[in-house]
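Below: the structure, in structure tokens.
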Amino acid sequence: MPDQMGEVLVLDPAVHTPEIECYRLIESLNPLKSSYHLPALKGFASLDVALEKNLVKGVILLGSSVSVYEGCSWQSELEKMLKHLVSARIPILGICYGHQLLGYMYGAKIFELSKKQLGSRKVDILANSRFCREPLSGNLVVSHREVITALPAEFEVWAQSDSFAFEGIKHKNEYIWGIQAHPEATKQFCLNQNISYPTDYLPDLEFGWKIIKDFLLFSQDKPQ
């Protein structure tokens, strides 16, 4: 039964189609309580209520079709909230747009590719990520048009691929991680993104889910 003394916030900054199936997957893996929030579509009222309880153990920030450079009002408010969570030492995992936004907040350079990356690719997880304690490799779903091309001084790499050097980044001191691929992906996510499943280069959904579960377990037992 979920621990009622802790909660993981799942932030879905979708501007068109919320990825509710991804949330349900995260919820099924979470040893704590989960809650789902749509800051771009529905605002921050539900997040404000969750933060007032002072029971937040972790945050997962999902992908979005917007760019970090668009400067929407909800993006500014989201950045402010994330900075508050960082100062409170709450573990944060950013995925795709979430990965880019966390890097951007600390000075990372974001580059728009000439063609959207859609499908899957092999990603190597390095053994220095705190919550993934041994090197791992697997094929993860990808769906993105932008990537991080320059890393802030406070960050280092924790996941890489043959395609991009900064597949995963983490802060050297704070509990912040980002990953460009989609470890939270489900078959429904692939359909929503127009990714055929199965594909010739088959994404290992359970490999991605292990990354999510390891982050959730770290959030539950994070050292003070």
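Details
- Residue match in region 84-94 (condition: open to solvent by 20 Å² or more (accessible area, probe 1.4 Å), under 18 Å from the mean Cα position of the chain (by Cα) and over 22 Å from Glu184 (Cα atoms)): yes
- Within region 96-126, considering residues that are open to solvent by 70 Å² or more (accessible area, probe 1.4 Å) and hydroxyl-bearing (Ser, Thr, Tyr), the one nearest to Gly208 (Cα to Cα): Tyr104
- Residues located in region 71-83, provided they are open to solvent by 20 Å² or more (accessible area, probe 1.4 Å) and under 28 Å from Asn194 (Cα atoms): Gly71, Cys72, Trp74
- Checking Val157 against (1) part of a helix (DSSP H, G or I); (2) modelled with pLDDT of 90 or more; (3) of a type outside the set (Gly, Ala, Ser), the condition it does not meet: (1)
- Residue match in region 1-15 (condition: in contact with a Lys or Arg (Cβ under 6 Å, 6 or more places away or on another chain) and assigned to a loop (DSSP other than H, G, I, E, B)): yes
- Residues located in region 120-150, provided they are touching a Pro at 6+ places or on another chain (Cβ under 8 Å) and either modelled with pLDDT of 90 or more or part of a strand (DSSP E or B) (or both): Ser120, Asp124, Ile125, Asn139, Leu140, Val141
- If the condition is being in a helix (DSSP H, G or I) and open to solvent by 20 Å² or more (accessible area, probe 1.4 Å), then region 26-56 contributes Glu27, Ser28, Leu29, Ala40, Leu41, Lys42, Ala45, Ser46, Asp48, Val49, Leu51, Glu52.
- Filtered residue count, region 58-74, keeping only those that are farther than 19 Å from Lys222 by Cβ and in contact (Cβ under 8 Å) with a residue 60 or more places away in the chain: 5
- Test result for Glu19, modelled with pLDDT under 95 and surrounded by 20 or more Cβ atoms within 10 Å (Cβ to Cβ): yes
- If you filter region 148-163 down to residues that are surrounded by fewer than 21 Cβ atoms within 10 Å (Cβ to Cβ) and of a type outside the set (Gly, Ala, Ser), you find that the one that is nearest to Tyr106 (Cα to Cα) is Pro152.
The values are calculated or read from the model by the stated rules, or taken from the named source; none is laboratory data. Predicted model only: the values in this text are computed from it and were never measured. Ideal geometry is used to build each Cβ from the backbone, glycine not excepted, and the neighbour counts take in all protein chains shown. The protein model used for the area step is the full one, side chains on, heavy atoms only, and it has no ligands, DNA or RNA in it. Shrake-Rupley method; radii C 1.70, N 1.55, O 1.52, S 1.80 Å.
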